[in-house]
Amino acid sequence: MTTEVEFCAPKNLAEALEFLALNRDKKTWILAGGTDIMPAINSRQISPLAVLDIWGLRELRILEQHQRHLTLGPLTTFSEMMQDPRIGQTVPLLREAAQSVGAVQIQNRGTLGGNIANASPAGDVLPVLAVHNAVLELRSAKGSRNVEFNAFYSGYKQSVLKPDELIYRIHVPIQWPQQIPYWRKLGTRQAQAISKVAIAAIAEVRGGILQDIRIGLGAVAPTVVRAKKTEDTLRGRRLDNRLIQAAGEIIQSDICPIDDIRSTARFRRRTTTNILRRFLSDLKLAHRGM
Amino acid sequence: MSIGVNVPRKDGQSKVNGQAAYVDDLSFDGMLYGVTLRSQIPHGKIRAIQFDPKFDWSSVVVVDHSDIPGQNIVTLIQRDQPFLAAQLIRHVNEPILLIAATSRKKAMEARTRIEIIVDELPSVTNLEKAATGVRLYGEDNLFKEIHIEKGDLPRGFAEADYIVERTYKTGLQEQMYIEPQGVIAVPGKDRISIYGSLQCPHYVVKALLPLLSFSHPDQVQVIQMVTGGGFGGKEEYPNLLAGHAALLAMKSECPVKMVYDRAEDILATTKRHPSIIRHKTGLKSDGTLTALAIEIDFDGGAYATLSEVVLSRGCIHAAGPYRCENIDIVGRAWATNNPPNGAFRGFGAPQTCFALERQIDLVAKTLGIDPLEVRRRNAMEPGDSTATGQVLTESVATHKCLEQAVKASDYIRKRSEYSKLLPKARIRRGIGLSLFFHGSGFTGDGENRIRGRAGLQVTPDGFIEILTSSTDIGQGTETIFAQMVAEELGIPVDLCRNAGVDTNRVPDSGPTVASRTCMIVGDLVRSAAAQLREDLIKWLAELENCNAEQITLVGGCFLLSGQRVASFQDLAKRACSEGGPASASKTYVQPEGLEWDEKTYQGQAYPVFSWGCDVAEVEIDLDTYEISVTRFTAAQDVGKAIHPVMVMGQIEGGSLQAIGYATMEEVLQKNGWIENHRMTNCLIPTALDAPAFETHIIEEPFSGGPFGAKGVGELPTDGGAPAVAAAIDHATGQRFDEIPVTPEKIELALNP
Ligand SMILES: Cc1cc2nc3c(=O)[nH]c(=O)nc-3n(C[C@H](O)[C@H](O)[C@H](O)COP(=O)(O)OP(=O)(O)OC[C@H]3O[C@@H](n4cnc5c(N)ncnc54)[C@H](O)[C@@H]3O)c2cc1C
């Protein structure tokens, strides 16, 4: 009468992929840190028939520093992102975003892979991956494929991840010295808060000109998004007050926020503009005379 | 010396090392798990209940209203609430059926196999429409209407140079105690035992007797388990929950555990009443208040529960600690189809205090003077009288609190400095204050109706056991009672311990509510100790063949003409084994001259008031509209701090609840449904949202309290919200008359 849940704690990756291949038709859930899944089960939003616990897989808990990018295993926790100097030096935005997640307990247990796969538009590391043009390596028993992070989501809480696949690696191009990072989370309170708006950006300014800018936005659209129109408007232009003013207006067409339990569309629209302008003004101030 | 000393908490160690046993830690052989099937509509009639024939119903126990051996009425003030809805559903999540099984999961599975077929009726879920909508209660949908009159209101307005009017609103607030509601019912022959997380064990006894058709109080035994907070939320709701577990236990003849999860707790249990409060104030150009007209509406929800007494306290506190000769207060608690609201720390006063303090700020603005000045000019002093005509004779600390908080917070300098910053800064800063009071103990002659009792028992090993039904729900009752006994007897606190709360053993000291435990029950405990001391001295005098006057009890020893004759513990042991005085008990006696008229609301509303002044400082980021309460200075008068650290804990904790009330705590209700029923979206402040607290304990002793002590439990929840709102006004240059003031509301106000 009460449903039995099939639980698998594989010894290695091959076993895990095999389990996924065999159970692809069932309601199978991968369990990493469990900080999304356990509350969802508890509140009966999901009722898995099979659970694959990957927490113990060493193959998924790696960190490699390459010339131009960093390769992270999906089990990298927020605490590791906050503490590991290799991450802090090469992708400082990841550290900042991780710092703003939940509180210590969640940071110790919640993972990068889980944040990505959970596919919430409010996942805090997602805007960072978006601006860094991260690449996800997905793996199934049949093999691997690479998917651009910015092409990973297909809709609200939906991605191109197939039922027999897991996120195997996250490749993040590193930040160059001339790039300036920016992170701002606007949450419902100072800790244990889901974002109402989150913005990650990196910019490069030379001679008063915005050589490059990339802006990732969380919680203002069905998925995390890049502010493409704003970026196009800003790129190659002189960073002056008129441009800053204009960017704040254009970003409105990059987003489509909603009213929900945490905030309103109106509030999200205005604060997105305000935060962007704040970032650009600070940037301009820091580069005065450069 | 034990009073005013920060002795280790009696409950501290076991809570820190995890040994403390909460109700969910307890289990019994053969115990079943109970769950509740609830209504899904705000108003309607039950047409049929369908049980899925494919389910094995013999594997679970199901209880409905027809299984109730006695009366299907939760005994409290009115007799309107059923334990289980029979035909009529009056709110969403109202209990209809109970199910018990060998596991919680199985009981929940069974619950999904039952369908309630209903005919929906029109409903009222909006306080503003409570009067005009559907008929729900009595003739007029009023649970209670209260009218308090003082002086001559029309004359007060005639004398006024200015008249200011404004409407204020406060929202629904969830107690969010850390441990959800839970009980275990263990059936016996013609009796039942309840183990629970609760504030008022004897309320449960009184509610269960008629439910189970028992006649003798001893047939219902209620044992309080270690309780993870209550804040009023476990005052009366456990009556209902214990009744449910008892019904399942009686029918199944097995122990039954019912523990809510967070969602069910938020959805089903009582909260702070939302309010709409209208003020009309007359004032002279020098700031003197000539008239206060106040109209108060509370949303009581679907059943009366404690609404009338919450309203009563709200009304009595509505005119605040200000001198005014002409007052008119009208209060109404309305029936709606929302889940019932009930007790929450402050008990109606936080709502009316918010409205009044905002109105006083408006008075200041009208006159162009600082809010501090209006308060200085009108704050009560000894000899002044309250709205109910109660003349204040002693222990009045309005000005002391006000001046202390103003000085400690540097209010005057900051107020003018932040005002100058206003137009330019992106991070706006503001500072605001509030002045307030809170009556200690039950209203009027309430204590006389309760006639609380407390006792002491000497144990064979010479310890003193303290017997009361006052529950320690985290506020430190066990510790302060031991301190009081130790002080009175001149013995170490370690020799005094609590007997635990078991209604078959301890006397009824009244409920643990109304800021009454320290002052009222504490004084019973203290005077029982004084009695015991006297009896032991007399007994020793007989044994020693001397005069009782020659014997003293000092430093834990009995001295005869200055010479040590016995240690306290030795004599206590002897008394216990040789039939000497080994116990003492006291019953509340109403002080002479206490006059209170329940009909006219005139007289001495409370034995005494505690006083407070809060100063809040905020920063608001104009890019994100985030509000950060950066600093909070509280000067609060408690008569005497029995345990200063715990008093500071009460002040800081209560203030933080008030800060949350002002800035983020918002239970979203739509058509009677609560939409945010998880801790992730039903927000309360975290440690990172808490300001830097500066707490000043003021001690203006009360002759009727133990060692001068008054109540501190509720006072701190009264003043925080208006102080924060005032600071937000100051920072933004806008007025906020409705709480919570969220970033979304600030954005709207600044960009109309
Ligand atoms: C109290 C609390 C506070 C929180 N605060 C924040 C916050 O501030 N910001 C924020 O962004 N999030 C927050 N979260 C959400 C959560 O912590 C994060 O989304 C976290 O990254 C999830 O990681 P996990 O390993 O715990 O995921 P899990 O719960 O284990 O899994 C989440 C989802 O990802 C899937 N999954 C996990 N790993 C893989 C993989 N390698 N391949 C494919 N699928 C996979 C799972 O099947 C599941 O669907 C909070 C959660 C809680 C309970």
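Reported value for the stretch A:1-82: 125 Å³ per residue, from the convex hull of its C-alpha atoms. Restricting the stretch B:21-66 to trypsin sites (Lys or Arg not before Pro) that sit in a DSSP loop and have at most 11 other Cβ atoms within 10 Å of their own Cβ leaves B:54.
Computed with the Debye formula from one identical point scatterer per Cα of chain A, without solvent, the log10 of I(q)/I(0) at q = 0.11 Å⁻¹ comes to -0.65.
Computing Rg and the Kirkwood Rh from the Cα coordinates of the stretch B:1-127 gives a ratio, Rg/Rh, of 1.15.
For the Cα trace of the stretch A:6-53, dividing Rg by the Kirkwood Rh returns an Rg/Rh value of 0.98. 3J(HN,Hα) along the stretch A:77-84, derived from phi through the Karplus expression 6.51 cos²θ - 1.76 cosθ + 1.60 where θ = phi - 60°, amounts to 8, 4, 4, 5, 5, 6, 9, 6 Hz, with x in place of Gly and Pro. Residues whose amide H falls under 5 Å from that of residue B:97, counting only those 5 or more places apart or on a different chain, are B:37, with hydrogens built in the peptide plane. Where the alpha-carbon atoms of the stretch B:517-649 are placed on the principal axes, they occupy 82, 41, 26 Å, in descending order.
Over chain B, the ratio between the Cα radius of gyration and 2.2 N^0.38 Å evaluates to 0.98.
Among the residues of A:254-264, the average count of other protein chain beta-carbon atoms within 10 Å of the residue beta-carbon is 2. The Cα atoms of the stretch B:230-388 cover 72, 32, 24 Å along the three principal axes, with the biggest extent listed first.
Applying the criteria of a DSSP loop state and at most 16 other Cβ atoms within 10 Å to the chymotrypsin sites (Phe, Trp or Tyr not before Pro) of the stretch A:139-244 yields A:156. The H on the amide N of residue B:78, modeled in the peptide plane, is under 5 Å from the matching H of no residue at least 5 residues off or on a different chain.
Size descriptors for the stretch B:446-587 (Cα atoms only): Rg and Dmax, in that order, 15.3, 47 Å. Here the stretch B:564-614 and the stretch B:119-145 have alpha carbon centers that stand 44 Å from each other.
Computed from the alpha carbon positions, the gyration tensor of the stretch B:368-525 leads to an equivalent ellipsoid with semi-axes of 44, 20, 14 Å, biggest first.
Taking 23 Å as the straight-line reach from the Cα of residue B:257, the lysines in range (excluding those fewer than 8 positions away in the same chain) are B:15, B:105, B:106, B:189, B:206, B:234. Computed from backbone phi, the HN-Hα couplings of the stretch A:92-108 come to x, 5, 5, 5, 5, 5, 4, 4, 8, 7, x, 8, 3, 4, 6, 5, 6 Hz, rounded to whole numbers (Karplus: 6.51 cos²θ - 1.76 cosθ + 1.60, θ = phi - 60°; Gly and Pro given as x). The separation of the stretch B:497-553 from the stretch B:331-368, counted between C-alpha centres, amounts to 40 Å. Calculate the length of the line joining the C-alpha centroid of the stretch B:654-709 to that of the stretch A:35-86, in whole Å. A separation of 36 Å, based on Cα centres.
Of the trypsin sites (Lys or Arg not before Pro) found in the stretch B:179-255, those in coil by DSSP whose Cβ has at most 16 other Cβ atoms within 10 Å are B:189.
Note on residue B:538: lysines with a C-alpha under 30 Å away, same-chain residues under 8 apart excluded, are B:573, B:586.
What relative contact order, as a whole-number percentage, does chain B give when Cα pairs under 8 Å and 6 or more residues apart are counted? Computed value for chain B: 16 percent relative contact order. Our coupling estimate for the stretch B:479-485, obtained by passing each phi through the Karplus curve with A = 6.51, B = -1.76, C = 1.60 and θ = phi - 60°, is 6, 6, 4, 4, 4, 5, 5 Hz, Gly and Pro reported as x.
Taking the empirical scaling 2.2 N^0.38 Å for compact globular proteins as reference, the stretch A:181-286 has a Cα radius of gyration ratio of 1.04. Restricting the calculation to alpha carbons of the protein assembly as shown gives Rg and Dmax of 31.7, 106 angstrom. Relative to the longest principal axis of the Cα atoms of chain A, the long axis of helix A:265-286 makes an angle of roughly 60 degrees.
Checking the cross-link pairs A:185/B:365; B:251/B:271; B:144/B:280 against a 26 Å limit on the alpha carbon distance flags A:185/B:365; B:251/B:271 as lying beyond it. Counting only alpha carbon atoms, the long axis of helix A:241-250 and the longest principal axis of chain A meet at about 40°. All Cα-Cα separations within the stretch A:58-171 were binned at 10 Å from zero, giving a P(r) of 14, 51, 31, 4, each value a whole percent of the pairs. Under 5 Å between amide hydrogens, built in the peptide plane, is the criterion, and for residue B:666 it picks out B:683 among residues at least 5 positions away or on other chains.
Where a number appears in this text, it was derived from the coordinates with a stated rule and is not lab data. Computed from a prediction, not measured in an experiment: that's the story for all the values here. Cβ: placed from backbone, ideal geometry, glycine included. Neighbour counts: every protein chain shown.
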